[in-house]
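The values are calculated or read from the model by the stated rules, or taken from the named source; none is laboratory data. Because the structure is predicted, anything quoted here is derived from the model rather than measured. In this analysis, Cβ positions are derived from the backbone assuming ideal geometry, glycine residues included, and neighbour counts consider all displayed protein chains.
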Amino acid sequence: MSVIQNVIVLGTLKYGDSSLIAHCYSAEYGLQSYMLKGVLGKRTKTGLQKSMFQPLSILEIVATKVASDRLGYIKEVQVESHYQTIPFDMRKKGMVFFLSETLHQVLREEEGAHPELFAYLKKALIWLDQNDAIGLFTVKIMLDLTHFLGLSPRINNPDDPYFDLENGYSTPLIPYGKHIGEALNIHWKTLLGTDFDGIAKIYTSQAEKSILLDHALDYYSFHLQQFKTPKSRVILNEVFKPV
């Protein structure tokens with residue numbers, strides 16, 4: 001039976017000469033995969049278009065609900081939120097590619113629907129499309145995701161100068177393992193306690209943005225099984241420039 005679903009596209013994989021498999025996150029059912037038969041051909045009977053399934057596109061579809069290890073089929077699709085800047089801004093496109101890879105990994109660990117997480121992701125992506133001061137967006141969204149995953153960094157004392165990445169908490173003493181030092185820990189704690197509009201008030205260098213993202217990736221590696229740094233991480237070296 002086909003049902004209406006709200007989905008965020010996580011990525012596509014070519015199948016044969018003219019088809020794609022689209023991996024999506026559904027507000028109603030969680031991680032779902034769909035066969036887009038003939039979408040790469042010159043003409044499609046379904047009216048599906050490859051351009052609709054760019055990474056992190058927000059769609060409304062009519063499709064079959066399937067188990068996570070099976071493929072469904074989309075009967076109808078329409079773009080729910082039309083991005084105005086993301087397709088034309090290389091900084092934002094770099095962030096979107098990176099986040100789509102990250103989310104695809106992370107959401108595999110989530111079973112079933114999580115409407116609150118879907119609503120958060122949708123709101124965050126629309127914010128990205130509508131704003132220009134976005135330098136720390138990827139770090140912010142990665143830290144916010146830990147809340148939904150039950151892995152939130154623990155700040156024992158707001159005055160603690162260090163953050164222990166491996167154990168996941170702030171500390172007054174320098175940890176033995178990977179950690180965040182005093183200067184960057186201030187930004188780390190600020191990101192944990194601000195909304196997206198607060199990003200513009202955090203002034204960091206290109207190098208500091210890059211290091212903070214690496215710290216977020218280290219945190220994921222320590223606390224999520226089988227997490228690997230997305231291949232698109234290298235793209236963000238160009239994204240993290242002063243804004």
Any residue in the stretch 97-106 that is out of contact with any strand residue (DSSP E or B) (no Cβ under 9 Å at 6 or more places or on another chain) and free of Cβ contacts under 8 Å to residues at least 40 places away in the same chain?
no
Residue list for the stretch 114-125, restricted to those being surrounded by fewer than 16 Cβ atoms within 10 Å (Cβ to Cβ) and touching a residue at least 40 places away in the same chain (Cβ under 8 Å):
Pro115, Ala119
Would you check if there is a residue in the stretch 127-149 being surrounded by fewer than 16 Cβ atoms within 10 Å (Cβ to Cβ) and among the hydroxyl-bearing types (Ser, Thr, Tyr)?
no
If I go through the stretch 168-186 residue by residue, how many of them are without any contact (Cβ under 8 Å) to a residue 40 or more places away in the chain and surrounded by 15 or more Cβ atoms within 10 Å (Cβ to Cβ)?
8
Does Leu48 qualify as being modelled with pLDDT under 90 and on the phi < 0 side of the Ramachandran plot?
yes
Scan (1) more than 26 Å from Leu107 (Cβ to Cβ); (2) at pLDDT below 95 for the single condition Ser170 breaks and write down its number.
(2)
